[in-house]
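This report concerns only the one structure given below.
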Amino acid sequence: MNLLGNIRTWNRVRQTRNELYGLSNRELNDLGIARGDIPFIAKRAART
């Protein structure tokens, strides 16, 4: 992967992570996500 691709991937991970951290615990629970799982979910989502 080239530098530009790495930057785009990193930005998608960061953006997804920030959006998920902005949700309340109740909203995360409704989605079936634990707060501790957010980094893993953000990395996985950036690959798709």
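The values are calculated or read from the model by the stated rules, or taken from the named source; none is laboratory data. Please read all numbers here as calculations on a predicted model, not as lab measurements. Every residue, glycine as well, gets a Cβ built from its backbone with ideal geometry; the counts of neighbours run over all protein chains shown.
Of the residues that make up the range 18-40, is at least one loosely packed, with under 10 Cβ neighbours inside 10 Å and modelled with pLDDT under 95? There is no residue in the range 18-40 that is loosely packed, with under 10 Cβ neighbours inside 10 Å and modelled with pLDDT under 95.
Scanning the range 1-17 for residues that are among the hydrophobic types (A, V, I, L, M, F, W, C) and surrounded by 14 or more Cβ atoms within 10 Å (Cβ to Cβ) returns a single hit, 13. Within the range 1-41, the residues that satisfy the criterion of being of a type in the set (Ser, Thr, Tyr) and in contact with a helix residue (DSSP H, G or I) (Cβ under 8 Å, 6 or more places away or on another chain) are 9, 16, 21. For the range 1-37, which positions are among the aromatic types (Phe, Trp, Tyr) and touching a Ser or Thr at 6+ places or on another chain (Cβ under 8 Å)? Within the range 1-37, no residue meets the criteria.
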